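Peer 1: Got a structure for you, written out below as structure tokens; questions coming shortly.
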């Protein structure tokens, strides 16, 4: 059970809820008054740490005032456990993530799934699901919580109602939230957390995603400016691997990142990547205007003199401008895509291209992909199903009608992990050697030369 939570099934009593609402209202009013006094005095706004300290002080004062009031009126004084829950509820509400704050503060939680206010499941890093306490007292309150989160998202208009029953946004800690209503029996939301926001190749080895030999090979692919598409299923670690690849990009290169919802945060680490422009797709406004999709952002990004373009996830029409970017001088670009196998990546790329406004034929799409993508890296699960691993790497060779021709240079071994397979092309070996890969090491002797 998470620290500080009530036993499962326990909900605040009406008096407790009323007290929490009253204290929250008084603390919020005093907090606003205090902020106004600072502004009048010419003082800067409080940072997050100072604001939390101020809220803690105001909470203690208000709860003390409530105790004195109860004694003066001859009423029963609430016990310490109730006061603690009231204080936590007020803090959660004032700091934006409501009752979700406690789950987000738990480092062991990887996914949070809410199937209605009182049906809450969390998944830990080991892949185990457990049920948790309610995050709201009603579905209506849950809707208000989601709207509060949306209102605090970079000033962007993000509706959540029957007219716009879905919401996709990034929480302050970098987690990704997706919520739906009206089309489901109850309001539901899913929060996916990124436990490794600054991943590296060394981190992938430590986590068991790949071994040292494969890490050296992948590092050389990035440094040799090979265009790479990372494929895999949902929640298998594609974004983490993309971050690890980006970690190998020299700091003197200019990057443009394009995402449906900000997740990569490459612009946050100014030492590793000081020259980054991060762009996010935008939903249409209430009149249905102003929407900007990833395909348009890729076109914009190409006008911003990037050394590399990174698309967080290919999921539609952006596949065509992305491939164009990869084949017209922006080598070293990266992206991810949902696909169940490494070969299936080509099928997904073709299906997205067929749905794009250009309506490319399969043959034309394959020619485009073959001229743009150099390697496909695929992630899956090891033989026990308990650990994320890179299980396949394909080198794209050419296109032949309805097929993209590729060599699987790493294929799944007996335990599901990638092992060397087909040889690399001589030209590729030379490129990787120039990028620092020690081709002559015994570990790579199984490759040979194509």
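The numbers here are math on the coordinates, done by the rules we state, and not lab data. None of these values were measured; they are calculated from a predicted model. Please note: Cβ atoms are built from the backbone with ideal geometry, for glycine as well, and neighbour counts cover all protein chains shown.
Peer 1: Distance from the Cα centre of the stretch 311-367 to that of the stretch 256-272, in angstrom?
Peer 2: Cα centres, the stretch 311-367 to the stretch 256-272: 21 Å.
Peer 1: Also, quick follow-up: With springs connecting C-alpha atoms under 10 Å apart, model the chain as a Gaussian network and identify which of 332, 344, 56 has the largest mean-square fluctuation.
Peer 2: Between 332, 344, 56, it is 56 that shows the largest mean-square fluctuation.
Peer 1: Please give the helix 362-372 orientation as an angle from the longest Cα principal axis of the chain, in degrees from 0 to 90, rounded to the nearest 10.
Peer 2: 90
Peer 1: Treating the angle as unsigned and between 0 and 90°, give the value, to the nearest 10°, between the Cα long axis of helix 48-72 and the longest Cα principal axis of the chain.
Peer 2: 30
Peer 1: Can you figure out the FRET efficiency of residue 162 with residue 49, using R₀ = 45 Å and their beta-carbon distance, to the nearest 0.05? Working shown, then result.
Peer 2: Working: r = 39 Å, r/R0 = 0.87.
That pair, residue 162 with residue 49, gives E of 0.70.
Peer 1: Length gain on complete extension for the stretch residue 328 to residue 17, per 0.36 nm per residue less the alpha carbon to alpha carbon distance?
Peer 2: Values: separation 311, 0.36 × 311 = 111.96 nm, distance 6.06 nm.
This chain segment gains 105.9 nm when fully extended.
Peer 1: Antiparallel versus total DSSP beta bridges in the chain: what percent is that, nearest 5?
Peer 2: Numbers: 43 of 64 bridges.
In the chain, approximately 65 percent of DSSP beta bridges are antiparallel ones.
Peer 1: If you don't mind, there's one more thing I want to ask. For the pair residue 358 and residue 289, how long in nm is the line joining their label points, each one 7 Å along Cα→Cβ?
Peer 2: Label at residue 358, label at residue 289, 3.0 nm between them.
Peer 1: Follow-up question, since we're still on this one. Multiply the residue separation of residue 438 and residue 67 by 0.36 nm, subtract the distance between their alpha-carbon atoms, and state the gained length in nm to one decimal. Walk me through the numbers on the way to the answer.
Peer 2: On the way: separation 371, 0.36 × 371 = 133.56 nm, distance 7.17 nm.
Using 0.36 nm per residue and subtracting the Cα-Cα distance, I get 126.4 nm.
Peer 1: Within 10 Å of each residue's Cβ, count the other Cβ atoms and sort 410, 34, 352 from fewest upward. Display every interim value, and only then the final one.
Peer 2: Details: 410 27, 34 16, 352 20.
Arranged by neighbour count, lowest to highest, 410, 34, 352 become 34, 352, 410.
Peer 1: How high is the FRET efficiency from residue 25 to residue 305, r the C-beta distance, R0 45 Å, rounded to 0.05? Each step should come with its number before you reach the end.
Peer 2: Numbers: r = 51 Å, r/R0 = 1.14.
That gives a FRET efficiency of 0.30.
Peer 1: May I ask you to compute the full-extension gain from residue 182 to residue 252, defined as 0.36 nm times their residue separation minus their alpha-carbon distance, rounded to one decimal in nm? All intermediate terms of the calculation are to be shown ahead of the outcome.
Peer 2: Numbers: separation 70, 0.36 × 70 = 25.20 nm, distance 4.80 nm.
Result: 20.4 nm gained on full extension.
Peer 1: Specify whether the C-alpha gyration tensor of the stretch 105-193 places it in the rounded, prolate or oblate class, a ≥ b ≥ c being the square roots of the eigenvalues: rounded for a/c under 1.5, otherwise prolate if a/b is larger than b/c and oblate if not.
Peer 2: Details: a/c = 2.02, a/b = 1.31, b/c = 1.54.
Here the stretch 105-193 falls in the oblate category.
Peer 1: Any idea what diffusion coefficient the stretch 207-265 gets from Stokes-Einstein, in µm²/s, Kirkwood Rh on alpha carbon pairs, 4 °C, 1.567 mPa s? List each step's numbers first, then the result.
Peer 2: On the way: Rh = 12.8 Å.
Calculated translational D: 101 µm²/s.
Peer 1: In nm, give the distance between the simple-model label positions of residue 144 and residue 282, each being 7 Å from the Cα along the Cα-to-Cβ direction.
Peer 2: Inter-label distance under the simple model: 3.1 nm.
Peer 1: On to the next question. Taking only Cα atoms, what is the 0 to 90° angle, nearest 10, from helix 238-247's long axis to the longest principal axis of the chain?
Peer 2: 70
Peer 1: If you don't mind, there's one more thing I want to ask. Can you pull the one-decimal nm distance between simple spin-label points at residue 190 and residue 84, each 7 Å off the Cα toward Cβ?
Peer 2: 3.5
Peer 1: What FRET efficiency comes out for residue 402 versus residue 203 if R0 is 51 angstrom and r is the Cβ-Cβ distance? Round to the nearest 0.05.
Peer 2: Numbers: r = 39 Å, r/R0 = 0.77.
The value I calculate is 0.85.
Peer 1: As a check on your grasp of the helix formula, calculate [θ] at 222 nm for the chain: sum -39500 (n - 2.57) over DSSP H runs of n ≥ 4, divide by the residue count, round to the nearest 500. Present the calculation step by step, with values, prior to reporting the outcome.
Peer 2: Working: 13 runs with 162 residues, N = 450.
Roughly -11500 deg cm²/dmol at 222 nm, from the helical runs in the chain.
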